[in-house]
Amino acid sequence: MIIVMQSEAPQEKADAVVRRIEDMGLRAHVSTGEFRTIIGAIGDETLLKPEYFAGLAGVESVMPIMKPYKLASRDFHREGTILEVGPFRVGGEWISVIGGPCSIESEAQFRTAARVVRDAGGTMLRGGAFKPRSSPYSFQGMGEDGLKILRDVGGEVGLPTVTEVLDVREVDLVARYADVFQIGARNMQNFRLLTEVGQADKPVFLKRNPAATVEELLMSAEYVLSEGNDRVMLCERGVRGFDKSTRYMLDLAAVAVIRRDSHLPVLVDPSHATGRRELVVPMALAAVAGGAHGVMVEMHPDPEKALSDGPQQLAPEAFRRMMAELAPIADAVGRTLQRVDTEA
């Protein structure tokens, strides 16, 4: 339920509404805008009756939120959320590009990739230190040694870093080294992990499971938001289909649906969606043209020698070409492709 305060209502009236919500055993989430304060009442829906709040002084209107996700809903937060990650912004008019290898394999490999991402204009640096692999015999990542490389190289090139956290036992460890938690597709509905990162002071990059609906993705985001962490970015990375010409089917319609129903920024991962490097750049361009707030793209200095997901990783020259081609697409749809020297 949303309680909209009158524009001239003093702070003590909003505080009284919050106390009423908390006295009922519910949680209050306050969003203060330029002209109005909006208070969300979160909890047992059987207790959320409009008449309990409509008569309170300073209340302008009371509206139920019909969607199962409350805090992620655009009903609650009408303006799109813009997150600050390092010197960059994610959301709104800004287009963000997250680039880097699937896995951190060595300091030299990752430093080479990081410099390509930075020099081409990327805004965040990705690299996996813990890798969830289908086979237990595949490369599982460098662990904490990889995280140290991520931190050191990210600081060296001046880019915020993104890496996946797989387990609640690793949240504190990853938080010491990375700027953004990535919740991978396999963990999208790992609710204990979502709760844990919801209590951490780091942005969360939440990827859609290939078998999940858009609503289920937004409900997973709700777990993070309900714990007090409102710095959530969503990622469309393909859903399961019947056509084997690509790894998954990239659901760009989901981007439009998310932008309609949620205030959270949404990015697209064309690398995992297609599984084929020759398709990554066209789908990255299509994602930005279709309204995505950015893309996450895998790039390796030598994809043929990559220890994981080599067929979907761009070579440096292809990444540079993608960045050059993204700029006019962003301009054409009235957006701004951020770069390292952008003053955000």
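Miscellaneous remarks
- With both labels modelled 7 Å from their Cα along Cα-to-Cβ, the E317 to D167 distance reads 4.2 nm.
- Anisotropy class of segment 150-237 from Cα gyration tensor, a/c 1.5 cut: prolate
- Sorting 227-237, 292-302 by their mean Cβ neighbour count within 10 Å, with the most densely packed peptide first, gives 292-302, 227-237.
- Binned Cα-Cα distance frequencies in segment 249-294 - 5 Å width, integer %: 5, 25, 33, 21, 11, 4, 1
- Distance histogram for segment 2-63 (every C-alpha pair counted, 5 angstrom bins, percent rounded to whole numbers): 4, 21, 36, 25, 11, 3, 0
- Considering only alpha-carbon pairs that sit under 8 angstrom and 6 or more positions apart, the relative contact order computed for the chain is 17 percent.
- Volume per residue of the C-alpha convex hull in the chain, rounded to whole Å³: 139
- Highest-MSF residue in the chain out of P101, P203, P64 [GNM, Cα springs under 10 Å]: P64
- Sequence ranges 12-23, 213-224, ranked by mean other-Cβ count within 10 angstrom, highest first: 213-224, 12-23
- Placing a label point 7 Å from the Cα of R240 along the Cα-to-Cβ direction, the residues of segment 180-221 with a backbone N closer than 11 Å are 210-212.
- Filter on K202/K244; K202/K305; K70/K207; K70/K244; K13/K202; K244/K305 - keep pairs with C-alpha separation over 26 Å: K202/K244; K202/K305; K70/K244; K13/K202
- Per the Debye calculation on segment 42-184 with a single equal scatterer at every Cα and no solvent contribution, log₁₀ I(q)/I(0) for q = 0.09, 0.12, 0.20 Å⁻¹ amounts to -0.44, -0.64, -1.14.
- Applying 1/(1 + (r/R0)^6) with r as the Cβ-Cβ distance of E12 and T336 and R0 = 35 angstrom yields a FRET efficiency of 0.30.
- At 1.002 mPa s and 20 °C, Stokes D of segment 194-286 from Kirkwood alpha-carbon radius, µm² per second: 156
- Percent of C-alpha pairs per 10 Å bin, segment 240-328, short to long: 18, 46, 30, 6, 0
- Label zone at R260 (point 7 Å along Cα-to-Cβ), backbone N below 16 Å, segment 280-302: 290-292
- Placing +1 on the Cβ of every Lys and Arg and -1 on the Cβ of every Asp and Glu, with no other charges, gives the chain a dipole of roughly 680 debye about its Cα centre.
Each value in this text was obtained by applying a stated rule to the coordinates, not by laboratory testing. Keep in mind it's a predicted model, so treat the numbers as computed, not measured. Methodologically, a virtual Cβ is constructed for each residue, glycine included, from the backbone with ideal geometry; neighbour enumeration extends over all protein chains shown.
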